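I have placed the structure first, in the form of structure tokens, so that the comments after it can refer back to it.
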Amino acid sequence: MMRFTAAVVALAAGLAIASPGSAQTPAAGDIGLGKRLYQDKATCGFCHGWSGDGAGDPQSPGKAANLRETKLDHDQLVEVLRCGVPGGTAMPHFDKFAWTKGEECYGMTAEEVGDKKPPTPTVGLQKREIEATVAYLEAKVIGKGPPTVADCEEYFGQGSRRCQDMAAGRKQ
């Protein structure tokens with residue numbers, strides 16, 4: 001149990017603090033796929049907000065990590081998407097094999113983490129999809145500062161009503 005607590009504390013600390021991002025250079029196709037996965041399949045914006053700032057949808061469970069300020073490195077981001085965040089958070093594990101023998105998370109199996117295992121997602125992601133989602137976050141979200149109108153238009157498209165409201169200073 002002590003190992004579990006230390007792993008969760010370290011993970012939580014990493015989720016909350018700013019970082020410059022990864023040294024890996026993802027392919028543009030990976031970034032595009034990652035954006036589509038973030039937007040549609042994994043619906044990350046529901047909790048983390050379209051810009052990754054943690055604002056989320058008003059209907060979300062709330063208190064999602066601000067991905068624009070995360071201090072997690074590439075491998076840690078992959079592990080969070082693959083394994084979720086244990087300990088009663090809403091962050092699910094997107095790899096259906098996570099927490100099994102040979103696919104341990106944070107060095108533990110489901111038996112070792114017990115009732116602190118993260119929730120099951122509504123959809124699963126393959127390892128390459130998890131990597132693409134992380135590539136998108138590293139290229140377009142992490143360390144980018146507060147979201148801009150240009151970020152909004154890149155995410156939703158030129159002329160989006162939401163971006164027009166943002167440009168006019170109205171609440172998103």
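Figures for the structure shown
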quantity	calculated
Carbon + sulfur, % of accessible area of the stretch 51-113 - ligands and nucleic acids excluded, 1.4 Å	49
Residues whose placed amide H lies under 5 Å from that of Trp50, excluding near-sequence neighbours	Gly56
For the stretch 46-61, Karplus couplings with θ = phi - 60° (6.51, -1.76, 1.60), whole Hz, Gly/Pro x	4, 9, 8, x, 4, 8, x, 7, x, 5, x, 7, x, 8, 6, x
Lys/Arg +1, Asp/Glu -1 at C-beta; the stretch 99-172 dipole; positive extreme among Tyr136, Met166, Trp99	Met166
Å² of accessible area per residue within the stretch 105-172, as computed with a 1.4 Å probe and no ligands counted	57
Vicinal HN-Hα couplings computed from phi for the stretch 72-78 (Karplus, 6.51 cos²θ - 1.76 cosθ + 1.60; Hz; Gly/Pro x)	5, 8, 3, 5, 5, 4, 4
17 Å cut-off, amide nitrogen to a point 7 angstrom out along Gln39 Cα→Cβ, residues in the stretch 56-77	57
Built amide H within the under 5 Å cut-off of Cys105, gap 5+	Trp99
q = 0.11, 0.15 Å⁻¹: log10 I(q)/I(0) that the Debye formula gives for the stretch 25-157, counting C-alpha atoms only	-0.37, -0.68
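The values are calculated or read from the model by the stated rules, or taken from the named source; none is laboratory data. The shown structure was predicted, so the numbers you read here are calculated from the model rather than taken from an experiment. In this analysis, Cβ positions are derived from the backbone assuming ideal geometry, glycine residues included, and neighbour counts consider all displayed protein chains. Each accessible area value is taken on the protein alone, full model and side chains, heavy atoms only, with ligands, DNA and RNA left out. Shrake-Rupley method; radii C 1.70, N 1.55, O 1.52, S 1.80 Å.
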